[in-house]
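The values are calculated or read from the model by the stated rules, or taken from the named source; none is laboratory data. This one's a predicted model, so the numbers in the text were calculated from it and none came from an experiment. Glycine gets a Cβ as well: all are built from the backbone with ideal geometry, and neighbour counts include every protein chain shown.
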Amino acid sequence: MVQGDAPELVEHVLKNNFWAYEKGPILKDCLGDLFGKGIFSSDGSAWKWQRKMASHVFNVRAFREYTSDIFVIEAQKMLAYLGKAADEGTPIDFHALMLHFTLDSFGAVSFGESFGCMDDIERQVDFAVAFDDLTAITSDRLMDPAWRIRERFTSVGKKVKDDRNLVRDHALRIIERRRTEGYHKPKKDLLQLFMETKDDEGNALTDDLLVDVIMNFTIAGRDTTAQALSWMFYLINRDGTDKEIMKTLIQEVDDVLGDKLPTYETHKQQKYADACFHEALRIFPSVPRNLKLCVQDDILPDGTKIYAGEWFTWSSYVMGRSEAIWGPDAREYKPSRWLQGEKFSQGKFSSFHGGPRVCLGMNFAILEGLTVIGMILQKFELTLVDSAKLPPYGVSVTMPMLEGLPMKVTRRKAAVAI
C-alpha cells in the first residue's frame with residue numbers, strides 16, 4: 001500500500017493516469033448490498049456507460065430547476081420544525097435534522113416523492129431506519145476483514161438482508177407504479193429521466209438496474225451533504241471562530257435573498273455561503289479517506305513505484321489540515337481563502353473527488369447546501385449547546401457525528417417573512 005497525501009500524487013491518480021486505477025473488488029464486495037451494480041462501485045466499461053448516461057441527465061436544465069424547487073419545498077418543512085423548537089425553547093439535534101432533510105430531498109429528486117422523514121421528525125420511518133442501518137453496516141465492513149464470518153454467525157447478516165430487501169422493495173414499488181400510471185408532472189425527476197434513457201445497445205434499463213442507479217445517487221448525496229452542513233454550522237459557531245464570519249454570512253443572506261425564496265439563479269450570488277460550505281469540507285471532508293487499486297504498474301510524480309495489485313490511499317482529512325498544503329492557518333476555519341481568486345486543484349481539494357470520476361452531484365450538493373444556509377439564516381439564529389466541545393465522530397466511509405449536534409434555536413429579531 002502506498003500512502004500519498006500530496007496534491008500532485010492525488011491528481012496523478014484521479015486525473016492524469018486515471019485508467020491505471022480502479023475502485024477494486026474489495027470495495028465492491030463490502031458495499032455491494034448498498035450500491036449494487038451502480039456507478040459508484042463500478043469500474044471499466046460498466047462505469048463508463050453509466051457515467052455517460054448520467055452526465056446527460058444531470059445536464060438537463062429543467063432537471064436542475066426541478067431540483068432547486070424540491071430543496072425549497074423540503075426546507076420549508078425544516079423551517080416549521082425550527083420555528084416550533086424556537087418557540088418552545090427546545091434544543092434540537094441539527095445533525096439528525098440534516099440527515100432527515102437530505103434523505104427526503106433526494107427521495108423527492110430521485111423518485112418524485114419524499115420518504116416522509118420531515119413530515120414528523122419524531123416519527124421513525126421504516127425506509128429511513130433501514131437505509132441508515134444498511135449504510136452503517138456496509139461501511140463498517142471496510143474496517144473488518146472478517147465481516148463475512150461475523151455477519152454469518154450473528155444477527156447482523158439477517159439484518160443486512162432484511163434492510164436491503166425493504167429499501168429495494170420500496171424503490172421497486174415506485175418504479176412499478178410509474179410504469180403502470182405513467183408520469184404527468186411538468187418537470188421530470190431522476191427516475192423518469194433514467195426510465196427514458198437507453199444503454200449503449202439501445203435497451204431500456206431493467207427495474208433492478210434502475211434501482212441501483214437511482215439509489216447510488218441518493219446514497220452518495222444524502223449523508224455527505226448532511227454531514228457537510230452539520231460540520232459547517234459547528235465550525236462557524238465553535239469557540240475560537242471569528243464572529244465576523246457569521247455576521248458576513250447573515251448580511252449576504254439579507255442582501256441576496258431578502259424576504260424572497262431562493263431560486264436556481266439566486267444561488268449564484270451566494271458567494272460567501274459557498275465559501276463557508278467549501279471551507280467546512282476542507283476541514284471535515286465528508287469522505288475522509290480514499291483508496292484506489294493500481295491495475296497497471298505506474299510511477300508516481302515523486303518517483304515512487306507502484307505495482308499492479310497495490311493500493312494507493314490518501315486522506316483528504318489529513319491534507320485539509322496540512323500546513324505544507326494550505327499554509328500556517330490550515331487548521332483555521334477561514335472562508336475568505338476561497339474568495340481570493342485562486343482556483344484550487346482537484347489534487348489539493350479532493351472532497352468532490354476529481355478527474356473523470358469527479359462527483360456528478362457536486363453542483364446539486366452545493367445547491368442544496370446554499371438553500372439550507374440561506375433559508376435558515378433568513379429566520380433563525382442557531383448556537384451550539386456546548387461551543388467548546390468537538391462532536392465525537394465516526395471514521396468509516398464518511399464522518400458522521402456520533403452524538404449528533406445539539407443546538408439552540410432562536411428567531412432572528414429582524415427575521416424576514418417567507
If you check every pair at least six apart or on different chains, which have Cβ atoms under 8 Å apart with a residue in the stretch 82-97 that is in contact (Cβ under 8 Å) with a residue 24 or more places away in the chain first and a residue that is buried (at least 18 other Cβ atoms within 10 Å of the Cβ) and of a type in the set (Ser, Thr, Tyr) second? Ile92/Tyr81; Phe94/Ser230; His95/Ser230; Leu97/Tyr81
Is it the case, given these coordinates, that Phe115 is crowded, with 18+ Cβ neighbours inside 10 Å, part of a helix (DSSP H, G or I) and touching an Asp or Glu at 6+ places or on another chain (Cβ under 7 Å)? no
Just wondering, is there one or more residues in the stretch 58-71 that are modelled with pLDDT of 90 or more, within 22 Å of the chain's Cα centre (by Cα) and of a type in the set (A, V, I, L, M)? yes
Collect the residues in the stretch 34-49 that are in a helix (DSSP H, G or I) and within 19 Å of the chain's Cα centre (by Cα), keeping them in residue-number order. Leu34, Phe35, Ile39, Phe40, Ser41
Name the pairs: first residue in the stretch 329-340 and in contact (Cβ under 8 Å) with a residue 12 or more places away in the chain, second residue buried (at least 17 other Cβ atoms within 10 Å of the Cβ) and not charged (D, E, K, R), Cβ to Cβ under 6 Å, at least 6 apart or on different chains? Tyr333/Leu235; Pro335/Ala275; Pro335/Cys276; Trp338/Ala275; Trp338/His278; Leu339/Ala275
Go through the stretch 395-412 and give me each residue that's over 16 Å from the mean Cα position of the chain (by Cα) and either within 25 Å of Ser351 (Cβ to Cβ) or in a strand (DSSP E or B) (or both). Leu402, Glu403, Gly404, Leu405, Pro406, Met407, Lys408, Val409, Thr410, Arg411
Are there any pairs, at least 6 apart or on different chains, whose C-beta atoms fall under 7 Å, with the first in the stretch 301-315 and free of Cβ contacts under 8 Å to residues at least 24 places away in the same chain and the second outside any strand (DSSP E or B) and aliphatic (A, V, I, L, M), and if so, which? Ala308/Val295
Within the stretch 142-160, of all residues that are in a helix (DSSP H, G or I) and without any contact (Cβ under 8 Å) to a residue 24 or more places away in the chain, the one surrounded by the most Cβ atoms within 10 Å (Cβ to Cβ) is Glu151
Can you find, within the stretch 161-187, the residue that is nearest to Asn216 (Cα to Cα) among those that are of a type in the set (Asp, Glu) and surrounded by fewer than 17 Cβ atoms within 10 Å (Cβ to Cβ)? Asp169
For residues that are part of a loop (DSSP other than H, G, I, E, B) and either crowded, with 16+ Cβ neighbours inside 10 Å or of a type in the set (Val, Ile, Thr) (or both), tally how many sit in the stretch 197-225. 3
Please enumerate the residues belonging to the stretch 110-128 that are within 22 Å of Leu172 (Cβ to Cβ), more than 18 Å from the chain's Cα centre (by Cα) and touching a residue at least 12 places away in the same chain (Cβ under 8 Å). Gly112, Glu113, Gly116, Asp126, Phe127
Kindly check whether there is at least one residue in the stretch 138-153 that is at pLDDT 85 or above and in contact with a Phe, Trp or Tyr (Cβ under 8 Å, 6 or more places away or on another chain). yes
Restricting the stretch 161-181 to residues that are of a type in the set (A, V, I, L, M) and touching a residue at least 60 places away in the same chain (Cβ under 8 Å), the residue that is farthest from Asp29 (Cα to Cα): Ile174
Complete set of residues in the stretch 226-241 that are surrounded by fewer than 23 Cβ atoms within 10 Å (Cβ to Cβ) and either of a type in the set (Ser, Thr, Tyr) or free of Cβ contacts under 8 Å to residues at least 24 places away in the same chain (or both): Gly240, Thr241
